[in-house]
Amino acid sequence: MLEGCTPPGGELAAAYRANGYWRGENLSALLRSWSRQYDGKTALVHGTTRLTYRALDAWVDRLAAGFRAHGVAPGDRVVVQLPNAPEFPAVCFALFRLGAVPVFSLTSHRASEIRHLLEVSGAAAYVLPARYRGFDHLGLGLALREELDCLRHLFVLGEVPEGCGAVPLDAVDAEPVELPEPDPSDVAFFLLSGGTTALPKLIPRTHDDYAYQTRTAAAVNGLTSQDVYLAALPVEFNFTWGCPGVIGTLGCGGTVVIADGPTADDCFKLIEEEGVTFTSLVPTVAQLWLETAEWSSYGLQTLRTVQIGGAPLSPELAARIGPGLGVRLQQVFGMAEGLLSFTRADDPEEAVLTTQGRPISPGDEVRIVGEDGTELPLGATGELHTRGPYTLRGYYRAEEHNRTAFTADGYYRTGDLARLTAEGRLVIEGRIKDVIVRGGDKISASEVEGHLLTHPAVSRAAVIGVPDEYLGERICAFVVADGEPPGLPGLKQALQERGLADYKLPDRLELVEEFPLTGLGKVDKKALAAGLAAAAAH
Ligand code: AMP
């Protein structure tokens, strides 16, 4: 087990094995067995690239040997920041095969986030695009390699200038070599928390737990080798990667079509051309798809199921999705930390429109807990706590945070407010964690506040989400100025210069003289939000 990770409890781990949840499989060996089983069938499609299972597995072999030859060793952490492209799954599976551990980063991450991920994981390597959507990732990578002792290798998708010491991904290629099999109970990769702390926490996902999650999500949805999954959202999201997503589809011998992004026009074209049968979207994107579907001439007849998750879905929008896209809606409540809850194909319509369904595994344990930590009666709203065969038991290298993020008996405190219906379905009612959900992106308020406070014109800062018709929420920064009040453009620019990802920049600035305080002397964010709502109503 990688140092710094909390192993799951002994008795529960034994039960997960005895129940067949953890089968002692590693993700690299699984790809190998899928390749043997599905062989010449198409595994991945992206643009003009089409890869069979056999070709994908062979590419992964050569990449793994290439990474090894370039000095990446088993156990090394590797930050992977790649756009939606076949290189993403190929690089990740190659690192699994090698026993190195990818740390999934978003392409929108900038210096602030990448430096943090490299440092906290002690990454030996960083896989990045040379340039993507106008940003010079290679420039950032080269600067960080100078700055951080741990970072030895840069592997780059795209053009690399001679002599800079970075290795183009094309050159990560060697004759396959025998590599020791990774331990199924070991960490396969790290996902990122969209959590409350100033910077993202690393979520260790083991081979066994992720193999189980993807297999179970696929089985709940009845996936077969005839299914074609469209990866429209970023492929590094847990939702796209494994709910059942890319891995679940490959595990059934289906085909994964990778879109460059979720734009309706591009995705509709892919759905028609490739006969896509299912996809996963956040509510904001679903709304845009509905608008486009009204006039688009692309045929979406093959599309059977659209999963919607990652952010609250209003019953009104939920009701439009089935008829508007000619599909079955599936609500998904999930988290990179583990627990997934799906509505099912045979659920009554009312349940599909108004609940987030049932946990996917009989091994998932959920509790609804009151402020005093005791379990609430059925139907009451409280904080959702969960434990199960694919839910983490501790963030990586975060001992102090773990003491409060988990209960003594190993339940994860999700920070989400939920209730259970009599039929055992979850209804997500809100959240107590200080996170803004903008589109599908999670923004930690305290992270943005920390950056704002470094600005000379900011004396105090409080960041909240304000309701927004399109994005669900937008970021509003309340600021008590120090001297000359700052303006929104100047603040945004200052945060960008500090290397903060664009999606975390405030959309709105409210200058105030002072903050309302709670009885405990903390900033009363509810009062700030209520003040804005009252002002908007006038
Ligand atoms: P992430 O780990 O980035 O996928 O974020 C997980 C969080 O997103 C959850 O803890 C919830 O706060 C939120 N979330 C995910 N799915 C839903 C949903 N269907 N409805 C409301 N919130 C959701």
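In segment 13-144, how does Rg compare with the Kirkwood Rh, expressed as the Rg/Rh ratio over alpha carbon atoms? Don't skip to the end; give the middle numbers.
Numbers: Rg = 16.5 Å, Rh = 16.2 Å.
Answer for segment 13-144: 1.02.
Eight or more residues apart or on different chains, and alpha-carbon atoms under 30 Å: count the Lys pairs in the chain matching that.
27
So which trypsin sites (Lys or Arg not before Pro) in segment 37-145 are both in a DSSP loop and have at most 14 other Cβ atoms within 10 Å of their Cβ? Kindly include the intermediate steps, with their values, before the conclusion.
Numbers: sites: Lys41, Arg50, Arg54, Arg62, Arg68, Arg77, Arg97, Arg110, Arg115, Arg131, Arg133, Arg145; in loops: Lys41, Arg110, Arg131, Arg133.
Those that pass, being in a loop and sparsely packed, are Arg133.
Which is farthest toward the positive dipole end of the chain among Ala535, Gln496, Gly254, measuring Cα position about the Cα centre, with Cβ charges +1 (Lys, Arg) and -1 (Asp, Glu)?
Gly254
Treat the count of other C-beta atoms within 10 Å as a stand-in for reagent exposure and order Leu95, Leu491, Leu142 from fewest to most.
Arranged by neighbour count, lowest to highest, Leu95, Leu491, Leu142 become Leu142, Leu491, Leu95.
Is the C-alpha gyration tensor of segment 160-310 telling us rounded, prolate or oblate? Criteria: a/c under 1.5 is rounded; beyond that, a/b larger than b/c is prolate, otherwise oblate. Walk me through the numbers before you get to the answer.
On the way: a/c = 1.58, a/b = 1.43, b/c = 1.10.
Prolate, since a/c reaches 1.5 and a/b exceeds b/c.
Collect residues whose amide H, placed 1.01 Å from N in the peptide plane, falls under 5 Å from the amide H of Arg438; neighbours closer than 5 in sequence don't count.
Ile443
Only four residue types carry charge here, +1 at the Cβ of Lys and Arg and -1 at the Cβ of Asp and Glu. Report the dipole size of segment 209-431 about the Cα centre in Debye, rounded to the nearest 20. Please list the in-between numbers first.
Working: 16 positive and 29 negative charges, 81 e Å.
Around 380 debye, computed over segment 209-431.
What 222 nm value per residue comes from the helices of the chain, counting each DSSP H run with n ≥ 4 as -39,500 (n - 2.57) and dividing by all residues, nearest 500 deg cm²/dmol?
Roughly -9500 deg cm²/dmol at 222 nm, from the helical runs in the chain.
When the Kirkwood hydrodynamic radius is evaluated over all pairs of different C-alpha atoms of the chain, what value in angstrom, to one decimal, is obtained?
Numbers: mean 1/r = 0.0416 Å⁻¹.
Answer for the chain: a Kirkwood hydrodynamic radius of 24.0 Å.
How many angstrom separate the Cα center of segment 418-465 from the Cα center of segment 109-160?
Result: 27 Å between the Cα centres.
Bear in mind these aren't lab numbers, they're just calculated from the coordinates by the rules spelled out. Source: prediction; values computed, not measured. Note that we place each Cβ from the backbone using ideal geometry, even for glycine, and neighbour counts take in every protein chain shown.
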